[in-house]
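Colleague: Encoded as structure tokens, here's the structure I'll be asking about.
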Amino acid sequence: MERKMGPAADPMHVDRKMLYTSLEERIKYLHHFLDFNSADIEALLTGNKYIKQLIPAVVNLVYKKLLQYDITSRAFHTRTTADEKEPEEEYLHEETPKIQRRKMFLRWYLTRLCQDPTTMDFWRYLNKVGGQARMSPLNIEYIHLGACLGYIQDIWIEAMLSHPHLSLRRKIALVRAVNKILWIQNDLFARYHSSDGDEFADEMSEFNYTEDQEGYLGDKRILGSSSGSSTEDDRSSISSGVAPSIDSAAPSTKSKVSACPFADMGKNSSTETKIWAN
Ligand code: HEM
């Protein structure tokens with residue numbers, strides 16, 4: 001039987017050049033495409049306690065992994081994965097002070113991911129991290145960055161799905177929300193390792209960040225801040241129904257936050273894939 005189709009709606013216009021010259025437009029498009037919506041924000045704000053609990057384990061596993069291969073381990077001597085010369089000193093191991101320090105930076109990064117995604121500063125920070133990996137004198141090739149994000153995602157999915165007390169509904173919401181953020185981070189890594197859009201290179205002012213913007217290297221304020229109310233797990237609170245207001249969940253950096261095109265995001269309607277519904 002032939003399927004009846006309604007009249008085709010006009011496709012939404014996406015300005016290609018803006019994707020390369022405006023970080024805001026790029027993020028807006030990714031949000032729309034990935035359907036990053038109010039349900040994701042609610043899941044992140046109410047569930048960030050679970051994300052934070054996992055940070056120390058994720059950091060240890062990631063560094064174990066990065067030190068497991070000479071090509072990635074060497075980068076902590078040479079700051080590049082493109083040079084295959086053996087380092088003059090011995091390979092680093094997890095307990096060396098240098099690696100302990102690096103672990104701290106990764107902890108800051110992951111803590112930062114638990115903050116309010118409705119501020120533009122949140123996405124600017126992800127963009128800075130993305131650009132940093134290729135900026136001299138740090139040259140981490142994309143294959144390792146993508147693999148590393150995939151590894152973090154795998155740890156995350158396994159940990160969330162096996163949580164002993166969270167309801168399946170909340171597990172799904174949290175896995176989906178973090179997944180979308182990791183994929184946007186992935187784009188913001190890939191973006192700096194691809195020649196796509198190179199014809200707009202001269203106009204990429206939005207993507208070029210200056211030193212005086214908010215600290216990239218783990219702004220210490222994030223360590224003390226807690227973003228929003230973290231609800232109890234599902235033994236004591238099944239109802240995560242109401243997201244904290246954006247204001248109450250805002251990080252302490254709020255006064256520096258510029259007008260954010262995503263501030264209304266919490267009001268967007270959410271969708272479920274309902275992929276198993278039929
Ligand atoms: C999920 C992927 C990754 C994230 C989110 C990430 C995050 C970061 C951040 C936030 C910094 C800045 C820390 C700072 O210097 O203040 C950093 C630096 C660095 N990252 Fe990564 N990184 C990732 C993957 C990798 C991989 C795969 C390698 C190695 C192959 C690597 C090697 C380095 C090195 C060598 C530095 C500079 C270290 C130094 O200054 O001594 N990173 N990374």
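The values are calculated or read from the model by the stated rules, or taken from the named source; none is laboratory data. Predicted, not measured: the structure shown is a model, and the values here were computed from it. Backbone-built Cβ (ideal geometry, glycine too); neighbour counts: all protein chains shown. Surface accessibility is based on the protein's heavy atoms, side chains included, excluding ligands, DNA and RNA. Shrake-Rupley method; radii C 1.70, N 1.55, O 1.52, S 1.80 Å.
For every residue, the table says whether it meets (1) within 12 Å of the ligand (Cβ to nearest atom); (2) aliphatic (A, V, I, L, M); (3) open to solvent by less than 30 Å² (accessible area, probe 1.4 Å); (4) over 12 Å from the mean Cα position of the chain (by Cα).
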| residue | (1), (2), (3), (4) |
| --- | --- |
| Glu88 | no, no, no, yes |
| Lys98 | yes, no, no, yes |
| Lys103 | yes, no, yes, yes |
| Tyr109 | yes, no, yes, no |
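Colleague: Quick test of your reading of the structure: Phe36 fulfils all but one of (1) touching a His at 6+ places or on another chain (Cβ under 8 Å); (2) in a loop (DSSP other than H, G, I, E, B). Name the failing condition by number.
Modeller: Failing condition for Phe36: (1).
Colleague: Follow-up question, since we're still on this one. Quick check, is Lys128 closer than 22 Å to Glu25 by Cα, near the ligand (Cβ under 9 Å from one of its atoms) and assigned to a helix (DSSP H, G or I)?
Modeller: Working: closer than 22 Å to Glu25 by Cα: yes; near the ligand (Cβ under 9 Å from one of its atoms): yes; assigned to a helix (DSSP H, G or I): yes.
Criteria met by Lys128.
Colleague: Residues Asp40, Asp83: which one is within 16 Å of the ligand (Cβ to nearest atom) and of a type in the set (Asp, Glu)?
Modeller: Just a single option satisfies the conditions, and that option is Asp83.
Colleague: I need the full set of residues from region 63-72 which are open to solvent by less than 40 Å² (accessible area, probe 1.4 Å) and near the ligand (Cβ under 8 Å from one of its atoms), in order please.
Modeller: Answer for region 63-72, where residues must be open to solvent by less than 40 Å² (accessible area, probe 1.4 Å) and near the ligand (Cβ under 8 Å from one of its atoms): Leu66, Thr72.
Colleague: Which ones in region 73-86 are open to solvent by 40 Å² or more (accessible area, probe 1.4 Å) and of a type in the set (Gly, Ala, Ser)?
Modeller: Ala82
Colleague: Further, regarding this structure: Return yes when His13 is without any contact (Cβ under 8 Å) to a residue 24 or more places away in the chain and more than 26 Å from His165 (Cα to Cα) and no when it is not. Quick ask: steps written out before the conclusion?
Modeller: Numbers: without any contact (Cβ under 8 Å) to a residue 24 or more places away in the chain: yes; more than 26 Å from His165 (Cα to Cα): yes.
Yes: the conditions hold for His13.
Colleague: Further question: Tell me whether region 46-65 contains one or more residues that are without any contact (Cβ under 8 Å) to a residue 24 or more places away in the chain and more than 17 Å from the chain's Cα centre (by Cα).
Modeller: Scanning region 46-65, I find no residue that is without any contact (Cβ under 8 Å) to a residue 24 or more places away in the chain and more than 17 Å from the chain's Cα centre (by Cα), so the answer is no.
Colleague: Going through region 131-179 one residue at a time, which ones are of a type in the set (D, E, K, R), modelled with pLDDT of 95 or more and within 16 Å of the ligand (Cβ to nearest atom)?
Modeller: Across region 131-179, the qualifying residues are Glu141, Asp154.
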